[in-house]
Amino acid sequence: MKALKKHRTIVVLAVLAVLMAGIYIWMETTDDASISGTLYRLGEGETITSISIDNTYGTYDFAPDEEGRWTVTADGNTYRTHSGKMELMTAALNNIEITRVLKEEFEDYGLSSPQAIVSCTTSKGKNYSFAVGNETASKAEVYIRNQGSGDVMVTTTAAVAQFTGSLSAYRDKEIFTIDKENITAVEYYKDGQKQLSVQSTNGSWQLTYPFEAPARQIAMNEFLSSAKAWTAAGFPNEGNEDYASMGLESSGHWLDFTDRNGETQRLLIGGTQGTGTYVRTGGEDEVAVMYTTDLEFTDFTPDGLVFIAPLKSTIDQLAAIVVQTAAGTDTFEVEQLEGGKQRVLLNGVEIDSNAFASVFSKYIGMNADGYAPGEAGEEVVAVLTSVYVDGSAAQLVLQPRDESTFYMLVDGKTDFYMNASELETLLYRINSVKNAQ
């Protein structure tokens with residue numbers, strides 16, 4: 001008898017265990033929001049693969065492109081999406097928590113004319129759809145309706161905040177689609193005419209048009225650093241395709257950027273409106289509004305970038321520098337001492353090394369201010385010569401050009417000119433050292 005009771009107990013416990021397991025599995029898999037506490041459930045490894053939003057601003061369809069990046073399509077045009085916005089949206093769709101399930105729907109819930117209808121498809125082929133209505137009296141929650149079952153529920157406003165935006169809220173505000181961290185070439189056009197082109201070779205920037213010359217590395221680094229920070233301040237009004245009024249239909253003003261992978265992107269610059277300027281960043285409909293101040297290229301010119309400095313060196317390379325003008329010749333002899341120090345003599349008299357530093361910094365900075373090939377004449381204004389510790393030498397000869405500039409005769413060519421004020425400043429510093437002796 002005891003054995004029979006024991007057997008019955010085991011059977012009852014087994015049945016209860018199976019029943020409890022069934023209840024647990026049902027509770028874990030049911031889409032009944034009153035049980036699960038969520039609008040729907042995604043299985044393990046299941047992801048959102050497409051999204052559609054129909055809200056008060058328009059209809060937007062989201063899907064990954066061939067490279068897995070989300071895009072948004074509106075009115076037949078497809079745009080890149082803002083990655084941060086998409087992360088928030090997919091995270092919200094993964095788990096929409098339900099705070100209450102209501103027995104019936106009333107007009108003031110706003111579900112007959114919803115703020116948005118959201119639909120999504122998962123990697124397992126499941127489809128979910130819900131409508132977003134009005135906020136509740138607390139303003140912290142909002143009414144929603146499961147479009148499949150018709151059930152009316154309440155969720156937090158935060159859970160649906162990502163689905164009521166305009167196209168601008170979903171579009172990518174990044175200007176560059178190429179690798180902006182590794183730009184290797186830039187071409188600049190204005191009024192349809194190429195103004196300049198620069199190219200990076202072995203880490204050094206070179207002007208390749210309208211002439212070939214080294215480019216100022218600092219100037220290029222500053223320009224690219226500024227460009228990397230460019231973002232869209234906004235976009236044209238949704239549905240506005242009047243590109244003529246945006247100044248883009250026949251614009252001759254653009255920049256071409258090429259990255260190390262050989263990918264080139266053109267930024268076509270249009271008209272301004274207020275503090276913004278229309279810029280086409282890719283296809284016809286890829287138009288952004290950038291801050292006009294970001295697009296000031298006053299110093300981005302061949303003359304502003306050219307870096308012809310034939311006397312450029314470091315002080316530890318020097319044995320002497322000689323400056324010859326009609327007023328006479330000044331010779332600085334540089335004796336290299338231990339510990340990286342120098343002893344300097346001006347015309348045979350020792351001078352303070354700090355005083356020489358002022359002259360030296362101006363001397364090595366005798367850089368071209370522009371490109372204007374001319375004929376080397378006989379007349380000479382000044383001859384500047386550097387003699388290096390290894391026995392080699394460099395020389396810059398300045399010849400008359402006009403009232404304010406000199407031709408720079410380097411290696412037998414006068415392709416570049418320099419402002420006369422640069423020589424005046426150098427001679428002033430030399431005379432200041434001589435007067436202090």
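Principal axis lengths of the range 208-322 from Cα atoms, whole Å, largest first?
69, 30, 22
If each of Thr329 and Glu296 carries a label point 7 Å out from its Cα toward its Cβ, how far apart are those two points in nm?
4.8 nm
So, R0 is 30 Å and r is the distance between the beta-carbons of Tyr209 and Lys312; what FRET efficiency does that work out to, to 0.05?
Computed FRET efficiency for Tyr209 and Lys312: 0.80.
Considering the chain as a Gaussian network with a 10 Å cut-off on Cα pairs, which listed residue, Gly270, Gly340, Gly58, attains the greatest mean-square fluctuation?
Top of the fluctuation ranking is Gly340.
Report the extension gain between Asp256 and Gln273 in nm, rounded to one decimal, defined as 0.36 nm multiplied by the number of residues separating them, less their alpha carbon distance.
Working it through step by step, the gained length comes to 3.8 nm.
Given that compact globular proteins tend to follow 2.2 N^0.38 Å, what is the ratio of the alpha-carbon Rg of the range 198-241 to that value?
Output field value: 1.76.
Could you state the per residue volume, in Å³, of the convex hull enclosing the Cα atoms of the range 270-419?
216 Å³
For the pairs Lys103/Lys124; Lys312/Lys434; Lys126/Lys173; Lys228/Lys312, note any where the Cα-Cα span goes beyond 26 Å.
Long pairs (Cα-Cα over 26 Å): Lys103/Lys124; Lys126/Lys173; Lys228/Lys312.
Could you tell me the largest-minus-smallest coordinate of the C-alpha atoms of the range 285-332 on each of the three principal axes, in descending order and whole angstroms?
64, 28, 15
Over the chain, how many percent of alpha carbon pairs lie in each 20 Å bin up to the one with the longest distance?
19, 31, 23, 17, 9, 2, 0
Rounded to the nearest 500, what is the 222 nm mean residue ellipticity of the chain from helices alone, with -39500 (n - 2.57) per DSSP H run of 4+ residues and division by all residues?
Computed mean residue ellipticity for the chain: -6500 deg cm²/dmol.
For Ser149 and Asp65, what does the FRET efficiency come to when R0 = 51 Å and r is the distance between their Cβ atoms, rounded to the nearest 0.05?
Efficiency, from the Cβ-Cβ distance: 0.95.
Quote the relative contact order of the chain in percent (integer), defining contacts as alpha-carbon pairs under 8 Å separated by 6+ residues.
9 percent
Can you bin the range 303-366 into rounded, prolate or oblate? Criterion: square roots of the alpha carbon gyration tensor eigenvalues sorted a ≥ b ≥ c, rounded for a/c under 1.5, prolate for a/b above b/c, oblate for the rest.
Verdict is oblate for the range 303-366.
Hey, if we sort Asp294, Asp75 by accessible area with the 1.4 Å probe, largest down, what's the order?
Asp75, Asp294
Please compute the length gained on full extension between Glu338 and Tyr428, using 0.36 nm multiplied by the number of residues separating them and subtracting their Cα-Cα distance.
Extra length available between Glu338 and Tyr428 comes to 29.3 nm.
Counting pairwise Cα distances across the range 332-437, what percent come out greater than 16 angstrom?
62 percent
Zone of Val381 (label point 7 Å along Cα→Cβ, backbone N under 20 Å): which residues in the range 315-337?
Output list for this probe position: 322-330.
Once label points are set 7 Å from the Cα along Cα→Cβ at both Asp411 and Leu102, what is their separation, rounded to one decimal in nm?
Rounded to a tenth, the inter-label distance reads 8.1 nm.
Inverting the mean 1/r over all pairs of different Cα atoms, compute the Kirkwood radius of the range 158-248 and quote it in Å.
16.5 Å
With a 10 Å cut-off between alpha carbons and a GNM built on the chain, which of Ser313, Ser250, Ser138 moves the most?
Evaluated over the chain, the most mobile residue of the options is Ser138.
Along the Cα→Cβ direction, 7 angstrom out, place labels at Asn127 and Asn435. What is the inter-label distance in nm?
Distance between label points: 8.9 nm.
The values are calculated or read from the model by the stated rules, or taken from the named source; none is laboratory data. All of these numbers come straight from a predicted model, not from anything done at the bench. All Cβ positions, even for glycine, are placed from backbone atoms using ideal geometry, and neighbour counts span all protein chains on display. Side chains included, ligands, DNA and RNA excluded: accessible areas come from the protein's heavy atoms. Shrake-Rupley method; radii C 1.70, N 1.55, O 1.52, S 1.80 Å.
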